[in-house]
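Down below is the structure, laid out as structure tokens.
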Amino acid sequence: IKGEQKENKQVKKEMLEVFVIALILIFIALVWMFDSIIKSLIILSTIPLSILGVLIGHFLIGLNLTMPGLIGIVGLAGVIVNDGIIMMDFIQKAKSLEEIKHLATLRLRPIILTSLTTILGLSTLIFFASGQSLILQPMAVSLGFGILWATILNLYYLPTLYFAIYSKRLNIN
């Protein structure tokens, strides 16, 4: 039993290291893409907030957050950023609050469609796992509920945070 506890501690430590490395690599790619540290941090800020969706999902399904669930969180980080990139690419062109609202609305359908198709694809594993697929259920719950919450964040939180940070620079009223 003590050997298994030691192994679990080591795996958790390695997962944390992998998560940090993934965040650093995502951050570098975002800075390269947007040529802005602030815009990159706005997009990255949705990642820790999406963990709330993961925790709610595990609670609703009645699962503990296990190693496959943690692996799902690492994968979730990359998926979340995709919708953030789509949103940021559009709203950074805005010159007024009305333009931010309009441009964010234009991204509503693509973001919802990509998220919905992913969630629906995972839904059988989330809600109807049996046999050996039970091992992967926590990963699917992490991805599915994390994407669901991150979609809301990318549609509302990201444009709001962008407006809050850039409103004075752009003279947006």
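The values are calculated or read from the model by the stated rules, or taken from the named source; none is laboratory data. Just so it is clear, the model here is predicted, and its values are computed rather than measured. So basically every Cβ, Gly included, is an ideal-geometry build from the backbone, and we count neighbours across all protein chains shown. For the accessible areas, the whole protein counts, side chains as well, though only heavy atoms, and no ligand, DNA or RNA atoms are used. Shrake-Rupley method; radii C 1.70, N 1.55, O 1.52, S 1.80 Å.
Summary of values
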| item | result |
| --- | --- |
| Full-stretch length increase - K6, F19 - with 0.36 nm per residue and alpha-carbon distance subtracted | 2.7 nm |
| 1.4 Å probe accessible area per residue over the chain, in Å² | 59 Å² |
| Efficiency of FRET between L161 and T66 - r from beta-carbon atoms, R0 35 angstrom, step 0.05 | 0.65 |
| Protein-only accessible surface order, largest first, of L49, L122 at 1.4 Å | L49, L122 |
| Most mobile of L116, L125, L60 in a GNM of the chain (Cα contacts under 10 Å) | L60 |
| Residue with peak Gaussian network fluctuation, the chain [Cα springs, cutoff 10 Å], from F163, F34, F128 | F128 |
| Protein accessible area in the stretch 56-173, 1.4 Å probe - carbon and sulfur % | 68 percent |
| Selected from G62, G75, G146 as most flexible by GNM, with the chain as the system and alpha-carbon contacts under 10 Å | G62 |
| Residue-averaged [θ]222 nm for the chain, counting only DSSP H segments that reach four residues, each worth -39500 (n - 2.57) | -26500 deg cm²/dmol |
| Relative contact order, percent, the chain [alpha-carbon distance under 8 Å, six or more residues apart] | 33 percent |
| Eligible aspartates and glutamates near K13 by straight Cα distance, threshold 19 Å, same-chain separation 8 or greater | E4 |
| Debye intensity ratio I(q)/I(0), log10, the stretch 42-131, q values 0.14, 0.22 Å⁻¹ (C-alpha model) | -0.62, -1.17 |
| The stretch 108-152 versus the stretch 1-52: alpha-carbon centroid distance in Å | 20 Å |
| Once the Cα gyration tensor of the chain is diagonalised, semi-axes √(5λ) in Å | 33, 19, 11 |
